[in-house]
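For reference, the structure is listed below as structure tokens.
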Amino acid sequence: PTAPPAPEVAAAAPAAPAPLPAMTKSTAATEGVAAENMASNGAVMRLRGDAWAHLQHAVDADEITFGAWIYLPGVKDAAFPHSSQSMKTIASTKISGCKVEPESQGWGLFVHEWGTTNRQLRLSWTDAGSACHELFSTTNLVPYDTWVSVGFSLSRKQDRAVIFLNNDAIADTRREIGAYQKQGQSLSMSNVGVANRQVATASLHGFFIGAHAPQQGDAAREQCHAFIGYLGDVRIVHEAFEEWADSLALIRTSQKKFGDVKLRPSTQVIHFSFKNGQPFSQALDTSLGGGPLEAQQADSGSTASTNDQLAIMEWKEHPQEPLLPGMAEFTENVEPSPPGPTLSPEELKAEWPKAWVDRWGEEELLKSQREADPWADEIREAMRHTWRAYKAKAWGRDDIKPDSGGAKDWCRLAVTMLDGLSTLWLMGLKEEFEDAYTWIESQHMPTPGKHGRHSLFEINIRALGGLLSAYSLSEKPAFLDTARRLGDVLLTGFNTASGIPKSTVDVGTGESAWHSWVSHAVLAEVATVQMEFRYLSHVTGEQKYAQAADKAFKAVLDSAGSHGLIPIYLSRDDVIPRPVGSKISLGAMGDSYYEYLLKQWVQSGKKEDYLKDMWKRAMRETQEQLVVKTEGGLTFIAEKDGGNQRHRMDHLACFVGGMLMMGARTLPADEVDAAWEPLAGEITETCYQMYKRSPSGLAAEYYNFRPNAKTDDMTIPNDAPHNLLRPEAIEAVYYMWYYTGDPKYRRMAYEMWTPFQRHCKSRYGYSAVADVRQSHPRHRDSQESFWLAETLKYFYLVFAPRSTLNLEEWVLNTEAQPLRSWS
């Protein structure tokens with residue numbers, strides 16, 4: 001490409017630079033300097049995280065010093081738009097991300113390490129090996145709600161990078177001040193290389209103020225990491241001085257005196273000095289090549305001269321204008337979550353099983369709980385954020401879109417509300433629980449009229465299970481009354497030859513039907529209604545619910561004959577259903593049948609031994625036919641089809657680790673297979689590795705395994721790289737921790753939690769992501785209700801004291817809804 005037009009050059013100067021204005025650590029107060037710098041022109045740029053400024057001109061160089069003044073407001077992260085989830089970009093010439101490509105050339109300066117709001121000022125640059133070289137300070141942080149000067153110098157000649165904050169150099173590769181990471185890995189300063197950085201000399205993207213460059217395929221602009229706050233007096237000088245104080249003085253010299261600074265005649269200077277009252281397109285001296293400064297918007301990527309998202313405003317020492325209108329319900333009057341309930345050392349010692357104390361000792365167990373207490377609070381705050389957004393944007397609706405804030409329905413039963421009730425109760429969020437109860441009490445669900453036919457299985461485990469669990473925990477009558485009405489409607493789906501329920505039901509009309517996408521019944525669906533219907537009979541005294549569910553389950557057992565493992569499809573029109581096909585899976589469409597064999601036995605007092613015996617038979621056949629261990633040491637649960645193993649495992653199948661552990665600790669000792677507990681641990685470790693080995697730290701929907709491989713023995717297929725916020729891996733971790741007390745499971749859990757917080761948190765909840773193989777995966781603007789019911793609950797239960805839920809008294813349905821057993 002041809003060389004870009006030369007930017008404005010400063011006035012004539014001697015061959016050698018004259019001394020710069022003195023700049024020492026005894027400089028006057030920062031805000032006074034800010035006033036002198038920006039009040040002269042009277043204006044700054046306001047950015048709301050959903051728009052930024054763009055100059056179609058190459059501004060990078062081998063030797064470069066950059067400076068700007070910023071005002072970073074302490075906006076709650078719940079208010080961040082999808083284009084500004086964490087990092088707040090001050091300026092950039094490149095796209096974000098670590099992949100090296102033409103669009104990643106150059107540098108980026110931003111606040112907050114990715115996935116956090118830790119206020120670190122970070123400088124990123126690219127070389128042939130990585131686009132994620134980052135220099136920063138862990139101790140000198142950008143303050144909220146005050147003007148500060150920020151900047152950097154990059155020198156290929158000196159092989160050096162320096163970051164400036166106010167009147168000091170807070171990171172310097174030459175003096176080994178600050179910290180350095182390459183692709184997220186912390187390294188010593190001796191590993192830093194600036195001499196070979198890739199300079200963005202072509203106008204491929206140009207220069208961005210307040211964002212990283214937009215990327216192809218990122219329609220939501222989630223990878224722009226736009227700035228929220230105020231910004232002014234932006235300077236770029238193609239010079240990097242040997243003395244860092246000289247570079248610092250250059251970017252902090254007042255605007256009035258900046259034009260008097262003498263530089264080499266060849267030094268290029270670019271100065272963005274905003275003027276109040278001028279149109280945005282004229283707010284910059286446009287003698288620079290490449291045309292005027294433009295405003296770009298996150299929603300469309302289109303340009304405009306002025307818009308509501310990006311504006312030139314009068315400089316104020318403490319600007320007060322709201323940054324994100326319409327977000328008052330999240331940014332105002334929201335008190336921080338109070339610390340959750342904790343137990344004294346004496347109370348903790350009283351609840352620990354003797355086996356825990358014998359194995360780990362009281363000191364180690366107490367240390368583990370104190371380490372986990374703030375983690376539990378973090379999960380509670382995540383639940384509060386999720387619930388607060390649901391209440392503000394989708395109250396009484398089935399689901400919320402966590403990025404856009406839209407509400408949507410499928411069965412019109414306030415499913416997110418019902419599914420989240422028991423989690424609120426266990427976390428001690430009683431005010432939120434009471435709000436929901438008041439609303440449910442005022443309704444008469446399910447309402448009459450057509451709701452559309454939807455999965456009876458999902459309605460049962462989420463809505464009916466949620467209501468019954470809320471009643472079991474609180475004994476509030478409206479929960480049971482609503483559950484009874486819903487149960488009566490669901491019963492209409494059981495009117496079949498065998499008694500197994502049809503696949504879909506309209507909760508308003510009672511109309512039921514089979515799935516249209518498959519001509520068979522699905523094993524997990526017809527055999528995962530029993531815990532809920534049995535409990536409804538137990539608390540109402542009306543046996544019709546349990547009788548219907550038991551008849552369906554007996555039909556499934558009759559179809560199994562002498563086999564423990566059953567194909568995932570059953571005939572739907574026979575009096576005794578016949579197995580259809582040969583696919584066997586403990587993942588999708590098979591999973592919870594095996595879970596409910598064990599849990600029904602526990603729920604009803606461990607008296608119905610035919611359930612326990614069938615579960616034992618199924619586990620024996622699982623060990624014989626489906627358990628595989630790779631040469632690399634990963635144990636997984638394979639699938640079977642046509643008599644052949646398929647070396648893949650759904651994330652859904654991770655529940656097996658917890659189920660085996662529960663069986664090992666609840667069955668009579670003389671019936672326990674000694675292999676169950678070690679196998680449970682191995683499966684849980686594999687599921688943990690699904691997270692640990694992922695570039696994003698999040699697990700995919702399913703994995704392929706290579707049994708004969710020692711490395712790369714677990715891979716993510718191209719058709720399943722997404723993460724739907726599923727709970728099964730943390731479910732397994734919970735049961736392992738609950739029964740063993742091993743502190744490693746809490747540390748494992750927090751390591752698994754961190755990427756959810758980093759990658760999935762959104763303005764209105766937490767979003768599923770599209771591809772966990774990306775270091776910064778794109779949101780899908782989708783949040784299933786099991787995020788509240790299961791995923792957050794299991795994380796919390798791992799970190800909370802063991803007595804938060806006593807599994808001697810309670811049994812969890814497949815949606816993690818606690819139901820009191822009647823043993």
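Summary of computed values
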| item | result |
| --- | --- |
| Cα long-axis angle, helix 362-394 against the chain (0 to 90 degrees, to the nearest 10) | 80 |
| On Cα atoms only, tilt of 465-474 relative to the major axis of the chain in degrees | 90 |
| Distance (nanometres) between label positions extended 7 Å along Cα→Cβ at residue 610 and residue 141 | 6.2 |
| Cβ-based net charge around residue 679, under 13 Å, with every Lys or Arg adding one and every Asp or Glu removing one | -3 |
| For semi-axes √(5λ) of the Cα gyration tensor in Å, calculated from these coordinates, the label among [x] 65, 38, 20; [y] 81, 44, 19; [z] 57, 27, 24 | [z] |
| Degrees, to the nearest 10: 477-491 long Cα axis against longest axis of the chain | 70 |
| Value at 222 nm in deg cm²/dmol, rounded to 500, when DSSP H runs of n ≥ 4 in the chain each add -39,500 (n - 2.57) | -9500 deg cm²/dmol |
| Cysteines without a disulfide-compatible partner [the chain; Cβ-Cβ under 4.7 Å] | 224, 411, 760 |
| Local electrostatic count at residue 513 - Lys and Arg +1, Asp and Glu -1, tallied over other residues with Cβ under 12 Å | +1 |
| Dipole in debye (nearest 20) - the range 490-646, about Cα centre, beta carbon charges: Lys, Arg +1; Asp, Glu -1 | 320 |
| Principal axis dimensions, the range 639-690 - Cα atoms, whole angstrom, descending | 34, 27, 15 |
| Size of charge dipole - the chain - debye, nearest 20, with Cβ of Lys, Arg +1 and Asp, Glu -1, no other charges | 660 |
| Spatially proximal aspartates and glutamates relative to residue 316 (Cα-Cα < 13 Å; intrachain offsets below 8 disregarded) | 31, 36, 145 |
| Selection from 266, 238, 123 lying farthest towards where the dipole of the chain points positive, charges on Cβ | 266 |
| Cβ-defined net charge surrounding residue 627, 13 Å radius [Lys, Arg +1; Asp, Glu -1] | -2 |
| Cα-only Debye scattering, the range 463-620: base-10 log of I(q)/I(0) at q = 0.15 Å⁻¹ | -0.80 |
| Among the listed pairs 502/607; 612/793; 88/275; 367/606; 99/391, those beyond 32 Å (Cα-Cα) | 367/606; 99/391 |
| The range 642-768: Cα Rg divided by the 2.2 N^0.38 Å rule of thumb | 1.13 |
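Every read-out reported here was derived from the displayed coordinates using simple, explicitly stated rules and does not represent laboratory data. In this text, all values refer to a predicted model and were calculated from it rather than measured experimentally. Every residue, glycine as well, gets a Cβ built from its backbone with ideal geometry; the counts of neighbours run over all protein chains shown.
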